[in-house]
Amino acid sequence: MIMMRGIVHKYKRANIDTDVIIPGPYLKIHDHQELAKHAMEGLDPQFSAKVGQGDFLVTGSNFGCGSSREHAPIALSYAGIKAILAPSFARIFYRNAVDGGYLLPIEIEESTVDKISDKDEVEIDIKHNRIVNLTINESYSMKPFPELIAKIVEAGGLMNYKI
Amino acid sequence: MTITEKILARASSKPTVVPGDVIFTRIDKVMMHDVSGPGVIKVFNEWEKKGKTLERIWDPNRVWVTEDHFVPAADIVSAQNIITLSNWTKKFGIKKHFKYGMGQYGICHTLSHEEALVLPGEVYVGGDSHTNTTGALGAFAAGLGHTDIAYILMNGQIWFKVPETMMFKLMGKKPDYVMAKDIILKIIGDVGTDGANYKTMQFSGSAIKQLGMDERLTLTNMTTEAGAKNGIIEPDAITDAYLRKRTDTQYFPVLGDIDAEFSETHTYEIDKLEPIVAKPFSPGNVSAARELQGVEIDKAYIGSCTGAKLQDLRLAANVLKGKKVKIRTEVLPAAQSIFMEAMREGLLNVFLEAGAVIGPPTCGACCGAHMGVLGKNEICVSTTNRNFPGRMGHVESQTYLASPIVVAASALTGKITDPRDVAN
């Protein structure tokens with residue numbers, strides 16, 4: 001988990017909410033693979049077809065606002081997304097992503113969002129809090145994880161974490 | 001310390017906490033429903049695949065379970081989820097499982113206060129984002145996901161980052177045509193849908209003292225829509241009177257210190273407020289109802305934890321009494337107890353005679369689940385709390401959020417309507 005490399009899918013707008021990440025009618029579904037097929041359906045119906053395993057999202061601020069549905073990080077993770085780079089996250093989405101061990105919510109500057117383009121290949125170095133854009137050979141900083149979050153990430157989720 | 005800081009300090013056995021501290025906090029009460037419950041069970045199923053076994057849960061008496069999102073069972077998948085949930089609560093000895101069609105049941109947040117399941121000073125978490133609602137009783141109440149609830153069911157505690165508190169002072173006398181919904185929509189419009197992210201929204205001031213519990217609950221309910229971790233109101237005589245009607249259980253209220261520090265203080269003069277509507281597609285996209293009076297709508301929805309409490313139904317019925325609706329209108333009381341009281345008070349007659357259809361207590365179309373979802377291009381004015389694209393149905397439907405009296409007034413005209421413009 002220290003070093004990850006993937007292709008970026010960029011959705012620049014802010015406030016991408018849980019109703020578009022996984023719409024309400026799918027809340028009754030608890031099969032992770034089935035949820036993955038409907039990830040981001042409210043915003044981009046082609047999403048699950050175009051995302052590969054280990055890819056990243058780059059997006060605007062307050063990603064994941066709205067509902068507490070853990071279906072949201074589950075659908076994205078099982079669709080292939082392993083990290084989301086955004087200026088900020090809604091609090092329950094952030095907790096669910098980390099505590100469930102589904103994907104990494106990584107906080108970056110607003111200006112970094114502008115510098116990364118759709119389809120860029122990016123490397124995330126958690127240990128050194130660096131993001132390298134391999135496509136245009138640039139490097140950016142990321143906000144370090146708080147101590148407890150880093151430990152939960154390392155444990156692979158809260159269920160495996162020992163106080 | 002603020003009330004939130006004092007509750008969190010007490011529950012984590014610390015003399016003091018300050019915003020930013022990361023603490024493990026003991027949990028007093030936990031809730032999950034027919035969406036988050038099966039999600040929590042799924043977390044345990046995946047965990048057990050790693051060779052672990054859940055033999056018992058931490059404290060079955062501190063857990064309650066509701067059936068609200070997809071009930072009465074909307075389809076076969078929903079029916080199966082409810083069977084899964086019922087088997088699980090039976091296996092782990094959870095007695096407070098509010099089943100539909102078996103007496104009192106309803107929307108989880110509504111039951112939390114109707115049944116006094118949470119008391120002042122407690123730390124309460126639920127598997128639903130609008131768990132914030134219950135903070136109106138003077139408890140710390142926050143929404144969590146499935147993994148966090150599963151962890152609490154094993155360990156009785158969870159981590160929190162102590163939030164900063166934003167203080168909202170509501171001053172003056174509330175006009176009759178203004179409801180708490182207008183106040184909170186105005187606030188969300190001002191601070192934005194991420195304006196309180198990770199923070200507490202606390203409400204106080206002379207106007208709070210005039211608001212009954214049902215109205216206070218609307219304020220805290222929609223703190224979620226500003227991103228808040230929790231919403232809270234310090235318990236007072238109104239809180240105590242409300243609880244004493246529902247429980248004999250002793251409780252230990254917490255109040256903030258006189259010198260408590262707030263990250264921001266916002267003051268609102270409520271007597272100057274007008275009815276407010278949030279336009280598609282954000283609860284922060286607000287206008288005065290009168291500015292939208294030409295907007296034609298297809299449907300009026302009076303339902304949800306936000307807008308179908310007893311007081312909501314009373315005030316909506318007051319607008320509809322003796323009149324006929326011009327558009328499709330649906331009324332879904334938020335709990336069986338409210339449904340029954342509405343019947344006793346004659347409110348159901350008012351709704352039926354006006355032409356509305358009455359549905360059972362359910363989250364229903366609020367989250368696009370069932371019972372009146374919207375089709376393509378349909379436009380709804382609703383007492384609910386959220387209007388993101390696709391929230392109540394088709395991704396190209398539209399929802400305007402408003403108070404129950406604005407929704408009722410709009411039902412009479414077929415257009416967004418300020419209740420002052422249909423007054424008798």
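The values are calculated or read from the model by the stated rules, or taken from the named source; none is laboratory data. Please read these numbers as outputs of a predicted model, since none were measured by experiment. Virtual Cβ from ideal backbone geometry, glycine too; neighbours counted across all protein chains shown.
Odds and ends about this structure:
- Condition met for A:ASP114 (outside any helix (DSSP H, G or I), acidic (Asp, Glu) and loosely packed, with under 13 Cβ neighbours inside 10 Å): no
- Some residue of the stretch A:24-36 being within 26 Å of B:GLU225 (Cβ to Cβ), within 13 Å of another protein chain (Cβ to nearest Cβ) and within 16 Å of the chain's Cα centre (by Cα): yes
- Restricting attention to the stretch A:72-102 and to residues that are closer than 27 Å to B:ASP34 by Cα and within 7 Å of chain B (Cβ to nearest Cβ), the residue that is surrounded by the fewest Cβ atoms within 10 Å (Cβ to Cβ) turns out to be A:GLY100.
- In the stretch B:22-52, the residue that is surrounded by the most Cβ atoms within 10 Å (Cβ to Cβ) out of those that are away from chain A (no Cβ under 11 Å) and either without any contact (Cβ under 8 Å) to a residue 60 or more places away in the chain or more than 21 Å from B:GLY135 (Cα to Cα) (or both) is B:LYS49.
- Of all residues in the stretch A:123-163, those being in a strand (DSSP E or B) and of a type in the set (Phe, Trp, Tyr) number 1.
- Every condition in (1) part of a helix (DSSP H, G or I); (2) free of Cβ contacts under 8 Å to residues at least 60 places away in the same chain; (3) touching a strand residue (DSSP E or B) at 6+ places or on another chain (Cβ under 6 Å); (4) under 25 Å from B:GLY303 (Cβ atoms) holds for B:THR89 except the one numbered (4).
- In this structure, B:ILE188 does satisfy being within 14 Å of chain A (Cβ to nearest Cβ) and modelled with pLDDT of 95 or more.
- Qualifying positions in the stretch A:135-163 - over 16 Å from B:ASP21 (Cα atoms), loosely packed, with under 13 Cβ neighbours inside 10 Å and among the charged types (D, E, K, R): A:LYS143, A:LYS162
- A residue that is within 14 Å of chain B (Cβ to nearest Cβ) and on the phi > 0 side of the Ramachandran plot occurs nowhere in the stretch A:135-145.
- In the stretch B:366-424, the qualifying residues are those that are among the polar types (S, T, N, Q) and either within 14 Å of chain A (Cβ to nearest Cβ) or part of a strand (DSSP E or B) (or both), and the one that is farthest from B:ASP176 (Cα to Cα) is B:SER397.
- Top-ranked residue of the stretch A:1-23 - restricted to ones that are within 14 Å of chain B (Cβ to nearest Cβ) and of a type outside the set (A, V, I, L, M), ranked as surrounded by the most Cβ atoms within 10 Å (Cβ to Cβ): A:THR18
- Any hit, the stretch A:123-133, residues being surrounded by fewer than 20 Cβ atoms within 10 Å (Cβ to Cβ), out of contact with any Ser or Thr (no Cβ under 6 Å at 6 or more places or on another chain), of a type in the set (Asp, Glu) and within 24 Å of A:GLY66 (Cα to Cα): no
- Scanning the stretch B:174-232 for residues that are hydroxyl-bearing (Ser, Thr, Tyr) and touching a residue at least 40 places away in the same chain (Cβ under 8 Å), we see that the one that is surrounded by the fewest Cβ atoms within 10 Å (Cβ to Cβ) is B:TYR177.
This table checks each residue for (1) under 24 Å from B:MET371 (Cα atoms); (2) free of Cβ contacts under 8 Å to residues at least 12 places away in the same chain; (3) in contact with a Leu (Cβ under 6 Å, 6 or more places away or on another chain); (4) not assigned by TED's automatic domain parsing to the domain that holds B:SER129.
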site: B:LEU54; (1), (2), (3), (4): no, no, no, no
site: B:ASP59; (1), (2), (3), (4): no, no, no, no
site: B:VAL63; (1), (2), (3), (4): no, no, no, no
site: B:GLU67; (1), (2), (3), (4): yes, no, no, no
site: B:THR84; (1), (2), (3), (4): yes, no, no, no
site: B:ILE94; (1), (2), (3), (4): no, no, no, no
site: B:MET102; (1), (2), (3), (4): yes, yes, no, no
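- The single residue among B:LEU111, B:LEU119 that is among the hydrophobic types (A, V, I, L, M, F, W, C), within 30 Å of B:ALA226 (Cβ to Cβ) and surrounded by fewer than 24 Cβ atoms within 10 Å (Cβ to Cβ) turns out to be B:LEU119.
- Whichever residue in the stretch B:155-171 is surrounded by fewer than 20 Cβ atoms within 10 Å (Cβ to Cβ) and more than 19 Å from B:GLU122 (Cα to Cα) and, among such residues, is farthest from the other protein chains (Cβ to nearest Cβ): B:MET171
- Selection from the stretch A:45-54 of residues that are under 16 Å from the mean Cα position of the chain (by Cα) and part of a loop (DSSP other than H, G, I, E, B): A:VAL51, A:GLY52, A:GLN53, A:GLY54
- Taking the listed residues A:GLY64, A:GLY6, A:GLY60, A:GLY54, the one that is of a type in the set (Gly, Ala, Ser), out of contact with any Phe, Trp or Tyr (no Cβ under 8 Å at 6 or more places or on another chain) and modelled with pLDDT of 95 or more is A:GLY54, with no other qualifying.
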